[in-house]
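Please treat every number below as a calculation from the coordinates, not as lab data. Everything numeric in this text was worked out from a predicted model, so none of it was measured. Counting neighbours? That spans all protein chains shown, and the Cβs are built from the backbone with ideal geometry, glycine included.
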Amino acid sequence: MAAPTETHRPADRIVIEHCAIATVDAHDTEHPSGHIVVAGNRIESVGAGPAPEGLTGVVRRIDGTGHLATPGLVNTHHHFYQWLTRGLAQNSPLFDWLVALYPVWARIDEEMVHAAAQASLAMMARGGVTTAMDHHYVFPRGSGDLLGAEIRAARDMGVRFSPTRGSMDRGKSQGGLPPDFAVETTEQALIATEEAIDTHHDPSFDSMLRVGVAPCSPFSVSTELLREAAELARRKGVRLHTHGSETVEEEQFCKELFGMGPTDYFESTGWLGEDVWMAHCIHMNDADIAAFARTGTGVGHCPSSNARIAAGTARVPDLLRAGVPVGLGVDGTASNESGELHTELRNALLIHRLAGGAAALTVRQALRLGTYGGAQVLGRAAEIGSLEPGKLADLVLWKLDGLGHSTIADPVAALVLGAAAPVTLSLINGRAVVEDGRLTTVDEDAVARSARTASRRLAERAAGG
């Protein structure tokens with residue numbers, strides 16, 4: 001007997017009209033006054049002028065006059081747990097900064113990580129991030145389900161999430177920086193990473209949760225862990241992430257220990273490819289850039305964090321000219337206390353113009369880095385990162401007719417060069433997560449209180465040894 005035919009109710013529609021639109025599609029199509037129709041969790045149509053007449057099932061119609069609509073921002077590198085240690089080691093370069101903070105981070109537990117993840121996600125979402133990423137690699141013994149704590153926070157907030165299960169197996173006794181009790185054995189790290197993928201990873205087009213594999217860095221993991229992690233990721237069909245070429249000291253470390261620079265070392269361990277992206281990538285020569293371009297390896301560019309710890313200026317214009325996928329990252333808030341991605345649009349443009357002149361980066365290139373570039377880096381360019389029919393309904397409506405922006409005629413320039421623009425509406429998977437600058441899914445004040453309590457508890461625990 002044949003199964004009965006299921007009757008599907010047409011998807012509810014949200015219509016946004018009369019706003020400027022920057023689609024960030026392949027042609028950088030823009031509309032001075034246009035419309036977007038969202039049906040369910042997909043973008044149904046985008047175009048100039050008002051929405052088509054005769055649409056059925058419209059549950060909400062929004063007048064976007066005075067606003068710019070863009071794809072949601074995509075964050076490609078973060079460490080949520082660091083929300084609890086903002087403002088410390090203020091004048092230290094990276095290695096000194098890590099030495100100062102690793103003993104504190106080694107005291108985190110599940111409750112603390114959940115509070116930090118809530119705060120990190122809330123800050124980003126309120127500022128236009130619709131897809132967040134986190135690189136969590138500190139797993140002290142007996143600290144609980146730290147990755148699960150982050151995943152719960154993202155699910156409850158309604159943010160699309162790409163957590164990566166990080167790892168370190170080179171503690172202080174083996175020449176690494178973290179305390180020995182904050183690292184895992186190689187076997188423990190690989191088993192836990194595979195379990196995280198099997199438990200949480202969703203490869204579907206509509207996925208709200210994609211898990212990646214992410215040993216921390218060349219100076220905190222063994223060659224064995226790097227090689228086997230790459231094999232694991234490819235066996236499971238997930239992406240790979242790590243820190244790369246962040247400091248001059250890292251390059252010296254790799255040459256002394258492995259007889260080659262970071263990029264060559266990564267290639268020798270299977271860590272270049274279209275399924276790989278690395279954070280920072282500051283100290284790269286022409287051959288390194290060519291290797292990334294040849295293999296399709298992506299870069300998570302973190303301009304504010306790079307400046308905060310004086311790590312240097314990445315060669316982003318050269319990377320883009322070579323065809324390397326580049327997105328933007330907040331990085332951990334112990335090295336970027338603002339915790340926001342939309343400010344990185346402006347900071348990226350300013351930093352690269354200081355380094356390379358007025359033509360080094362345009363406002364539209366900056367917007368692309370924060371949207372489509374990030375989607376490329378996370379392997380989701382077919383689903384998010386631009387406003388096109390059939391893509392997932394992750395979009396932001398920025399208010400540009402207020403005091404901070406009303407005299408800047410070019411809306412993209414207003415967004416990138418002006419003050420941080422208020423978010424009137426942020427849709428993630430077709431759901432309103434921000435309305436008039438406030439989160440709709442969580443109580444911001446409660447999140448702030450919880451994070452403050454967790455931060456104090458961590459400081460007290462670290463002080464007690």
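Applying Stokes-Einstein at 4 °C and 1.567 mPa s to the Kirkwood radius of the stretch 346-448, computed over alpha-carbon pairs, gives a translational diffusion coefficient of 84 µm² s⁻¹.
Under 5 Å from the amide H of Gly212 lie the amide H atoms of Thr164, Arg165, each residue being 5 or more positions distant or on a separate chain, with H modelled from the backbone and absent for Pro and chain starts. Between amide H atoms placed 1.01 Å from N, distances below 5 Å from Gly332 occur with His79, all of them 5 or more places distant or on a separate chain.
Per-residue ellipticity at 222 nm from helix content only, as computed over the chain with -39500 (n - 2.57) for each DSSP H run of at least four residues, stands at -10500 deg cm²/dmol.
Taken one residue at a time, the phi angles of the stretch 316-321 give Karplus couplings (6.51, -1.76, 1.60, θ = phi - 60°) of 4, x, 5, 4, 5, 4 Hz. Gly and Pro are set to x. Coupling constants for the stretch 40-48 follow from the phi torsions by the Karplus curve (6.51 cos²θ - 1.76 cosθ + 1.60, θ = phi - 60°), and in residue order they are x, 10, 10, 7, 8, 8, 9, x, 6 Hz; glycine and proline get x. For the stretch 204-214, 3J(HN,Hα) computed residue by residue from phi via the Karplus equation (6.51, -1.76, 1.60; θ = phi - 60°) reads 5, 4, 7, 3, 9, 8, 10, 9, x, 10, 8 Hz, glycine and proline entered as x.
Dividing the mean sequence gap of close Cα pairs (under 8 Å, 6+ apart) by how many residues the chain holds gives a relative contact order of 20 percent. Charging the Cβ of each Asp and Glu at -1 and of each Lys and Arg at +1, and nothing else, the dipole of the chain about its Cα centre rounds to 580 debye. For chymotrypsin sites (Phe, Trp or Tyr not before Pro), the sites in the stretch 114-205 that DSSP calls loop and that have at most 14 other Cβ atoms within 10 Å are Phe205.
Here the scattering of the stretch 227-314 is modelled by Debye summation over its C-alpha atoms, one equal scatterer each and no solvent; at q = 0.10, 0.16 Å⁻¹ the log10 of I(q)/I(0) is -0.24, -0.62.
Gyration tensor over the Cα atoms of the stretch 125-201: the corresponding equivalent ellipsoid has semi-axes (square roots of 5 times the eigenvalues, largest first) of 27, 14, 10 Å. Size descriptors for the chain: radius of gyration and Dmax over Cα atoms are 21.8, 73 Å.
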